[in-house]
Structures are given as structure tokens and as C-alpha cells.
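Worksheet: one structure, shown below.
Nothing in this text is a laboratory measurement; each read-out follows from the coordinates by a stated rule. None of these values were measured; they are calculated from a predicted model. Backbone-built Cβ (ideal geometry, glycine too); neighbour counts: all protein chains shown.
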Amino acid sequence: MQQRKSKKILIYLFLLFLVGSINNINFNNLKFKEIENIKVLGLGNYDNSILISQIKNLNLKNIFFINREDIKKKIKSNNLVEKYEIFKLYPSSLVINIKKTKFLAKINDKEKIFLVGSNGKFLKNNSFYNQLPFIFGKPDVSEFLEFKEIIDQSKFSYNEVKNLYYFSSKRWDLELKNNVIIKLSKDYPEESLKLAFEFLHNKDLKDIKFIDARIKNQIILND
């Protein structure tokens, strides 16, 4: 924030110097160089070029008086964007660095299959991501992201997950890629995952295909 204020102060000083050094010229007649170059980084060549075209259509004029809110709205409207930074390169260039969202799962919404991004947005499905887990049920995206974080903080790897099942009671089940089903507690999902992991990796227990960890401190196997 301090750095941004400093840049603004320098710009204003430059303008004052410029105006003060010009004699017999009306300030309204001053012409600043229009933006000549817009660079977008982070989305891949095709999607970068699309966003560049959309920003150019805003008719930004010169770099001193651009409307940052218009640019932000255009960037945020792109579902591939998770985070971004806008840099001005004087006298006539803009650089936009973007962190692209990660694709986490697939879900059926209104009879169409979408990808779920780490930014909480739905994106058009692509056959390239067929290996992603499928979410069955109708959770809010925020509920899925919270549950995904619980998995990431457990000893399980999210890459082990084949499918996720969400119930109206706000409880989750997991199906792993080795076809093991894990029923988790609604109130203690972290503890459920911890117990399930311990039993799955117990050398004395073999051929486990079903783990019911819905009751606190209790496990039922292969019911």
C-alpha cells in the first residue's frame, strides 16, 4: 500500500513539473501517450490473448488515468482467474500477472458436467481432466473446498480419491482409487479420517473394502 502511494506521489510531482516547465500552453491541450502494450501472463497463450482483447476494448486511453475498477471487473469475470496483480510500466504499458485456478473435481450441475476450480467457480468440462474425482450430491462449492482442505490436512493424499459423496445431512463419504469406501462423521471428519487411515495401513488387517467411521472413536469394517 505504501509503495502504491509513493508511485502516485511521483506521478503527481512529474505532472506538476511538466506543467510548470511549459509556458503559454493550456493544460487541457497536453496529450499523454496512449497505452500501446498490454501483457497478460499466467493463463496460457490462448486465454491470455482473449483477456488482452477484452481489456483493449475498454478504451483505456493513457496510463495516468485508467479506470482500474473496469480492468478488475473484466479480469474477475474470467473463471480461470484465482489471483491477479496489475502493474503499470510507464509510459504506455500494462502487465497483468495471473495465478490460474486449479481444477479439483467434477460435478453435475443442472444436467451438465463442470469442473470445480480452487477459486470456487465452475468451469467448462474438458476431457483432459477425466481423472479428477467426481462429486455426487449437491454441496455448496464452499462446503466442498472446506472438506478438500480437511483431506489435505490429513494423512490421506487427495490424489487417492476417486469419488466424493455428499449427503443432505452435510456428511461426506469417500471412495478411494483402490475402491475402498470410507463413511465419515458429520461432526468429526478429521478424527474419522485419522482412524480410517490407521486401519487401512494396519498390516494385520487385509482386504478392507469398507470403513464406517461415522461414530466417534469407533470403526466398523467390511459391513
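Remarks
- Axial C-alpha extent at least 30 Å, average Kyte-Doolittle at least 0.0 - helices from the chain (DSSP): none
- Cα gyration tensor shape of the range 162-223, rounded if a/c is under 1.5, else prolate or oblate by comparing a/b with b/c: oblate
- Using Cβ point charges alone (K and R +1, D and E -1), the dipole size of the range 34-100 about the Cα centre works out to roughly 180 debye.
- Cross-link partners of K102 among aspartates and glutamates (Cα-Cα below 19 Å; sequence separation of 8 or more within a chain): D47, E82, E85, D140, E143, E146, E149, D152, E160
- Here's the picture: charge each Lys and Arg Cβ at +1 and each Asp and Glu Cβ at -1 in the chain, and of T101, G137, I113 the one pushed furthest to the positive end of that dipole is T101.
- Ranked D187, D212, criterion: other C-beta atoms within 10 Å, fewest first: D187, D212
- Point-charge dipole on Cβ atoms (K/R +1, D/E -1) for the chain, about Cα centre, debye to 20: 1040
- Cβ-derived FRET efficiency at R0 45 Å, N217 paired with K72, nearest 0.05: 0.35
- Label-to-label distance for Y90 and K56 is 2.6 nm, based on points extended 7 Å past Cα in the beta-carbon direction.
- Cα gyration tensor shape of the range 103-221, rounded if a/c is under 1.5, else prolate or oblate by comparing a/b with b/c: prolate
- With helices as the sole contributors, the chain gives -9000 deg cm²/dmol at 222 nm; each DSSP H run of n ≥ 4 counts as -39500 (n - 2.57), and the sum is divided by every residue.
- Option label - Rg/Rh (Cα atoms, Kirkwood Rh) computed here, alternatives (i) 1.21; (ii) 0.96; (iii) 0.98: (i)
- About its Cα centre, the dipole of the range 103-221 is roughly 300 debye, where the only charges are +1 on Lys and Arg Cβ and -1 on Asp and Glu Cβ.
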